[in-house]
Amino acid sequence: MIRLKGIYKQNGVFSNLLLLLGTAVFFAVMAIAIWKVFFGANPTEINSVRWLQFAQAVGLFIVPPLVLAYLWSDKPFKYLCLDKNPDIVNVLFIILFMMLVIPFVNLLGEWNQQLKLPHAFAAIEAQMKASEAEIALLTKKLLDVHSLKGLFGNVFLIAFIPAFGEELFFRGALQRIFQNKKNAIMAIWITAFIFSAIHFQFYGFVPRFLMGVFFGYLLVWSGNLWLPILAHFTNNAVAIVFYYLKQNGFQVFDIDTLGTGNTLWAGCVSGLLTLMMIILYRAKLRTTDL
């Protein structure tokens with residue numbers, strides 16, 4: 001009987017990158033095929049779109065790292081840094097941090113939206129804006145629910161599944177591949193760039209890129225992938241909950257604009273607090289050599 005566990009643990013960076021890309025494409029295609037057969041390939045029907053979101057996330061981001069970690073290591077969960085439970089102090093810190101960073105992220109997002117491409121790329125810029133408008137419209141349709149069941153469904157589909165899947169793929173697998181050269185800092189920044197670029201949203205690139213950098217450092221500092229997953233989940237879940245409350249008649253402030261316009265001061269204060277909290281948190285965490 002052929003032993004598959006850890007069979008590719010001696011692979012180099014390039015080989016592992018090809019394996020990750022090829023496996024992701026294969027399972028993504030399989031997931032879309034399953035969606036078409038069992039859930040009705042109707043991109044205009046919102047429930048069908050929800051199933052597509054789920055199928056793509058599982059096929060593209062979740063299955064490939066799990067399969068390849070088994071082939072890359074004798075201890076796949078340790079390889080992916082999923083073998084340790086985060087303690088309550090770290091959990092509370094991450095949740096608090098992700099709440100406090102929101103105004104600063106909004107401020108970065110507003111600055112990002114003001115970026116203009118050179119005139120020669122005007123057609124590309126117009127196309128990007130149209131594409132992002134379509135994505136924003138689809139997101140609003142997905143978020144437009146009016147029951148707790150719908151809210152929890154969105155928290156699972158739009159907050160947890162992307163957080164778990166994207167962190168598993170980008171930080172757990174891709175960043176780990178680049179770190180085979182023992183250059184953690186370069187791995188963090190390259191992975192964050194790819195993470196932001198693959199969303200194909202130029203006008204949100206900067207805040208998403210810096211968020212990816214933070215997630216990457218969080219993994220390197222702690223050696224625990226559950227912390228970036230929690231941070232990513234909190235970021236998504238807070239936006240979903242506030243949108244639900246606002247759409248269903250609750251008097252809440254607009255969390256998407258906090259830190260901009262008349263609340264610019266909040267964005268600046270949030271930026272300072274973010275920097276201070278990162279420095280303090282880094283001082284308390286032991287650097288982990290993955």
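A few remarks follow.
Yes or no, residue by residue, for (1) among the aromatic types (Phe, Trp, Tyr); (2) more than 25 Å from Asn112 (Cβ to Cβ):
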{"position": "Phe200", "(1), (2)": "yes, no"}
{"position": "Gly204", "(1), (2)": "no, no"}
{"position": "Leu210", "(1), (2)": "no, no"}
{"position": "Phe214", "(1), (2)": "yes, no"}
{"position": "Gly223", "(1), (2)": "no, yes"}
{"position": "Ala231", "(1), (2)": "no, no"}
{"position": "Asn236", "(1), (2)": "no, no"}
{"position": "Phe242", "(1), (2)": "yes, no"}
{"position": "Phe253", "(1), (2)": "yes, no"}
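- Residue match in segment 234-245 (condition: farther than 21 Å from Gly109 by Cα, modelled with pLDDT under 95, of a type in the set (A, V, I, L, M, F, W, C) and assigned to a helix (DSSP H, G or I)): yes
- Pick from segment 191-217, criterion among the β-branched types (Val, Ile, Thr) and over 21 Å from Arg282 (Cα atoms), ranking: surrounded by the fewest Cβ atoms within 10 Å (Cβ to Cβ): Ile198
- If you check Leu174, Leu151 for being touching a Ser or Thr at 6+ places or on another chain (Cβ under 8 Å) and either assigned by TED's automatic domain parsing to the domain that holds Met211 or small (Gly, Ala, Ser) (or both), only one passes: Leu174.
- Of all residues making up segment 67-97, the number that are touching a Gly at 6+ places or on another chain (Cβ under 9 Å) and among the hydrophobic types (A, V, I, L, M, F, W, C): 6
The values are calculated or read from the model by the stated rules, or taken from the named source; none is laboratory data. Because the structure is a prediction, the values reported are computed rather than measured. FYI the Cβ positions are ideal-geometry reconstructions off the backbone, even for glycines, and counts take in every protein chain you see.
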